[in-house]
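Student: Dropping a structure here in structure tokens format, bear with me for questions.
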Amino acid sequence: MLKDLSLLIGLQELDLKIEKNRIKEKKLSSQIEGERKRVLELEENLLKKKEMLKHIQIERRNKERSIEEIDSLLAKHEEEKYKIKSNEEFAALEKEISQGEEEKNKAEDILLELMEREEGLDEELPVLEKESKQANKDCQEKERIFRADLDSTIEQLKHLENNRKKNISQLNSVLFQRYEQLQKTRENPVVLPISNGICDGCNVKVPPSLVARVRRREEIVYCENCTRILYMNNS
């Protein structure tokens, strides 16, 4: 039973290291994914702004053509003034000219807004391109570092899991099943020492008779309160 207890303590140490490395593996993978996501978001934003600029430029050109057409029409109406003979026709033409000028003013206001937006994007895009390029460079460097650490962690995990299999192969199968059951129902660790007559798992005093049985190390002894497996802390 002394051998089984030693194997069990060793198995738990391996499991705790495996758990720690799995957490680290997950964190590193998340960090790599986070860096990639950041670069992707910057690239998508840059593309969105470029598409926005393209759309604004098309709108601006359309609005400029529209204003040119209105100017042409207004010039034509001005020439027509000299050919009109009745007051009614003159009044109707003046109304058309007034409507044309009003339409032109609105178009010019929109054109001015479009030009301001275009100018703003023209200034913003180089900054975004530089930021995106730098983020991509930073991402590659960080990913290189994270990837090296991740590969090392995965390799360490394989080593630990191989050692775990060797340990389990030497362990009493019933005891191993009990250990795994405890892991499902109790927080790790589930194999704990008695320190100053107290169970390190639940902090409850262990009866002297139970302490004596643990000290003899002739059998696997469970805490009467939390059911964890006990051993003596010799330190």
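Student: Which residue, of LEU42, LEU28, LEU73, is touching a Gly at 6+ places or on another chain (Cβ under 8 Å), in a helix (DSSP H, G or I) and not aromatic (Phe, Trp, Tyr)?
Tutor: LEU73
Student: Assess whether ARG216 counts as being among the charged types (D, E, K, R), within 14 Å of LEU5 (Cβ to Cβ) and modelled with pLDDT under 95. Outline the logic, then answer.
Tutor: On the way: among the charged types (D, E, K, R): yes; within 14 Å of LEU5 (Cβ to Cβ): yes; modelled with pLDDT under 95: yes.
Yes, satisfied.
Student: Looking at the range 143-163, which of its residues are buried (at least 17 other Cβ atoms within 10 Å of the Cβ) and either free of Cβ contacts under 8 Å to residues at least 60 places away in the same chain or charged (D, E, K, R) (or both)?
Tutor: Within the range 143-163, GLU143 is the sole residue that qualifies.
Student: Still on this model: Kindly list, by first and then second residue, each pair from a residue in the range 61-88 that is touching a residue at least 40 places away in the same chain (Cβ under 8 Å) to a residue that is surrounded by 12 or more Cβ atoms within 10 Å (Cβ to Cβ) and among the acidic types (Asp, Glu), limited to pairs with Cβ atoms under 7 Å and residues at least 6 apart or on different chains.
Tutor: ILE67/GLU108
Student: Return only the number of the condition from (1) at pLDDT 95 or above; (2) of a type in the set (A, V, I, L, M, F, W, C); (3) closer than 15 Å to GLU13 by Cα that VAL204 does not satisfy.
Tutor: Answer for VAL204: the failing condition is (3).
Student: So, CYS223, is that one more than 39 Å from the chain's Cα centre (by Cα) and of a type in the set (A, V, I, L, M, F, W, C) or not?
Tutor: It is true that CYS223 is more than 39 Å from the chain's Cα centre (by Cα) and of a type in the set (A, V, I, L, M, F, W, C).
Student: Could you list all residues from the range 101-140 that are surrounded by 14 or more Cβ atoms within 10 Å (Cβ to Cβ) and of a type in the set (Val, Ile, Thr)?
Tutor: Result: ILE110, single match.
Student: Right, another one. Hey, can you tell me all the residues within the range 67-88 that are within 30 Å of LEU121 (Cβ to Cβ) and touching a Leu at 6+ places or on another chain (Cβ under 9 Å)?
Tutor: Passing the criteria: only ILE67.
Student: Among the residues of the range 156-179, are any in a loop (DSSP other than H, G, I, E, B), of a type in the set (A, V, I, L, M) and touching an Asp or Glu at 6+ places or on another chain (Cβ under 8 Å)?
Tutor: Taking the range 156-179 as the starting set, the residues that turn out to be in a loop (DSSP other than H, G, I, E, B) are 171-172.
Among the residues that remain, those that are also of a type in the set (A, V, I, L, M) are: 171.
The next check asks that each one be touching an Asp or Glu at 6+ places or on another chain (Cβ under 8 Å); those that pass are 171.
Yes, because at least one residue in the range 156-179 is in a loop (DSSP other than H, G, I, E, B), of a type in the set (A, V, I, L, M) and touching an Asp or Glu at 6+ places or on another chain (Cβ under 8 Å).
Student: Next question. Among the residues of the range 40-58, how many are more than 15 Å from GLU113 (Cα to Cα) and polar (S, T, N, Q)?
Tutor: Adding up the residues that qualify gives 1.
Student: Here's another thing I want to ask about it. Could you run through the range 213-230 and say how many residues are more than 12 Å from ILE9 (Cβ to Cβ) and either in a strand (DSSP E or B) or of a type in the set (Gly, Ala, Ser) (or both)? Give the derivation first.
Tutor: Of all residues in the range 213-230, those more than 12 Å from ILE9 (Cβ to Cβ) come to 213-216, 218-219, 221-228.
Those still in the list that are either in a strand (DSSP E or B) or of a type in the set (Gly, Ala, Ser) (or both) too: 221-222.
Adding up the residues that qualify gives 2.
Student: Return yes when LYS95 is surrounded by 14 or more Cβ atoms within 10 Å (Cβ to Cβ), of a type in the set (D, E, K, R), on the phi < 0 side of the Ramachandran plot and assigned to a helix (DSSP H, G or I) and no when it is not.
Tutor: So LYS95 fails the test.
The values are calculated or read from the model by the stated rules, or taken from the named source; none is laboratory data. Computed from a prediction, not measured in an experiment: that's the story for all the values here. Positions of Cβ are backbone-derived with ideal geometry, glycine not excepted, and every protein chain shown enters the neighbour counts.
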